[in-house]
Amino acid sequence: MTRLNKDFLWGGALAAHQFEGGVINTSKGYSVADVMTAGSAGRPRRITDGVIEGEYYPNHMGIDFYSHYKEDIALLAELGFRCFRTSIAWSRIFPKGIEKYPNEEGLQFYDDVFDELLKYNIEPVITLSHFEMPYCLAKEYGGFLNRKTIDCFIKFARTCFERYKGKVKYWMTFNEINNQMNYRNDIFGWTNSGVHFEEYENPEKAMYQCAHYELVASALAVKTGHEINPEFQIGNMIAMVPVYPYSCRPADMVLQVQAMHDKWFFCDVQCRGHYPNYAKKMFERKGYELDITQEDLEILKEGCVDYIGLSYYMSNTVDSTACRDISKAVDSTNSHSVKNPFIHFSDWGWGIDPEGLRYALNMMYERYEKPLFIVENGFGAADYMKPDGTVEDQYRIEYLRAHIKEMKKAVLEDGVALLGYTVWGCIDCVSFTTGEMEKRYGLIYVDRDNEGRGTYKRSKKQSFEWFKKVIASDGEII
Ligand code: BGP
């Protein structure tokens, strides 16, 4: 058997802030992502205090899905997509995050998008918050460092669940909730929690407090969703970056286990409904007395996820004998991180490791025995459109092929329960980390450059026809 089941959810993924546009001249409020400038020539994105005139904010236009959604969804249907993952921009529904009533124009937009998807039998897979907290909540409330933000999130989640209960079955709470473990990199704390952790006396402690409130918000959303529609499948979403020991030196093995704790932390709570012992011990050791109530612990218990959504792009490696400046380490969450000599790296330094996907899926399934859903995997490259309008992205085909092969082994040989696979950035969009258009992931090219120039015209890349065949053959022809 080399085919996956007919009900396997093949598709693509995007996030509201990276492709919708429709920020200016609509009723949408600014989100935390909307106040981030584009980076350029290796310079990181900057988080500005509000929207400042004269600065360039690439997310404001995205690729203008807001006005192209019918054309775009028709292309996804042509690919044979069975699902499409996107997010609901929180600040389109509650522009400031604190309003009493939701914004009807925003709600209607997603009704239109979901109706269009369902017209082609494409199942919407929806992330409630993909780095899209209303800017006002971050600014006025201090984001998830404030317990009140939980209520704001739940009001938003409840509104979405009630409004779309007949249209959406698959949900996820927060995108890559574990990114903020990397709290030294400002954009992760900002986009996950609306907080600049480095401004706090103990940034790590601040991060764990935010993490707790977010975990409570996530569990409460799962509970609320199930009350509204017991048929809902509500998952979490983590960035899965498996860590390898550099050698079989016992100290490397122990280090790998410790490094993986950072990767598992959020997922452990969301899947098991309680804090793992290694975290409790760490809080104790470091003297972190967090605001965690008995009621919170009950909520965590009652709000375990139905499935685990994951992104997979790369693996990392740790070496107990190496200890470097954390800001220069390959993985800035770990000072022992080193380059893996057995894998190649993309132009952006992301380690290409297809077998790591099989390894990760096995590890996760064995740990939790819950269905998994690969909701992001893809290859960022500076694609070139030839004068005749074609884009030959053979390197992307190779990347996806290699990963799909390993995914199939995990399902067909190892017995991992997997709901589906969505290619990240199936239509070119604004890159999250760089804020540029140049780092493209799409099967569909969009004529827009780093400065926002271009016609927004969509064109099929070479990978378009290839992926279409993969889906049509249930993954047999890759
Ligand atoms: C994940 C995010 C996405 C996405 C992707 C690729 O971390 O969930 O939003 O952008 O990574 O990252 P980038 O665009 O920085 O290459």
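Within the range 267-300, name every residue whose backbone N is under 17 Å away from a label modeled 7 Å from Cα of Glu201 along the Cβ vector.
Backbone N within reach: 286-291.
With a cut-off of 8 Å between alpha carbons and a minimum separation of six or more residues, what is the relative contact order of the chain in percent?
Rounded, it is 18 percent for the chain.
Beta carbons within 10 angstrom, averaged per residue: use that to sort the peptides 155-162, 275-282, highest first.
Taking the mean over residues of other Cβ atoms within 10 Å, the ranking is 155-162, 275-282.
By the gyration tensor of its Cα atoms, with a ≥ b ≥ c the square roots of the eigenvalues, what is the shape of the chain: rounded for a/c under 1.5, prolate for a/b over b/c, or oblate?
rounded
What pairs from Lys439/Lys460; Lys286/Lys439; Lys281/Lys301; Lys28/Lys165 go past 28 Å between their alpha carbons?
Lys286/Lys439, as the Cα separations exceed 28 Å there.
Which whole-angstrom value gives the distance between the alpha carbon centres of the range 1-51 and the range 341-359?
What the calculation gives is 24 Å, centre to centre.
Please arrange Val430, Val23 by counting, for each residue, the other beta carbons lying within 10 Å of its beta carbon, fewest first.
Val23, Val430
So, by mean Cβ neighbours within 10 angstrom, what's the order for 352-358, 133-139 with the highest one leading?
133-139, 352-358
What spacing in nm lies between the two simple spin-label points modelled at Asn121 and Tyr395, each 7 Å away from Cα in the Cβ direction?
With each label placed 7 Å out from Cα toward Cβ, I get 3.7 nm.
Antiparallel DSSP bridges in the chain: what percent, to the nearest 5?
Taking every DSSP beta bridge with both residues in the chain, the antiparallel ones total about 25 percent.
Ranked highest first by average number of other Cβ atoms within 10 Å, how do 38-44, 10-16 line up?
Ranked from most to least packed, the peptides come out as 10-16, 38-44.
Working out 0.36 nm times the residue gap between Val257 and Lys339, then minus their Cα-Cα distance, what length gain in nm do you get to one decimal?
Here the segment from Val257 to Lys339 would lengthen by 27.7 nm.
Quickly work out the Asp7-to-Tyr101 label distance, labels modelled 7 Å from Cα along the C-beta direction, and quote it in nm with one decimal.
Using points 7 Å along Cα→Cβ, the separation is 4.1 nm.
Can you give the FRET efficiency for Ser473 and Asp347, using 1/(1 + (r/R0)^6), R0 = 45 Å, r = Cβ-Cβ distance, to the nearest 0.05?
Once the sixth-power term is evaluated, E becomes 0.90.
Say R0 is 35 Å: what FRET efficiency, to the nearest 0.05, do Asp112 and Asp151 get from their beta-carbon distance?
The pair Asp112/Asp151 has a calculated efficiency of 0.75.
Want the number for Glu78 to Glu295: 0.36 nm per residue separation, take away the alpha-carbon distance, what's left?
In short, 73.3 nm is gained.
As an exercise, use a Förster radius of 30 Å and the Cβ-Cβ distance of Asp388 and Glu71 to find the FRET efficiency, rounded to the nearest 0.05.
0.85
Testing the spin-label approximation: label points 7 Å from Cα along Cα→Cβ at Glu284 and Arg249. State their distance in nm.
So the label points at Glu284 and Arg249 sit 3.0 nm apart.
Rule-based calculations on the coordinates, nothing more; no lab input. Keep in mind that what you see is a predicted model, and the values were worked out from it rather than measured. Every residue, glycine as well, gets a Cβ built from its backbone with ideal geometry; the counts of neighbours run over all protein chains shown.
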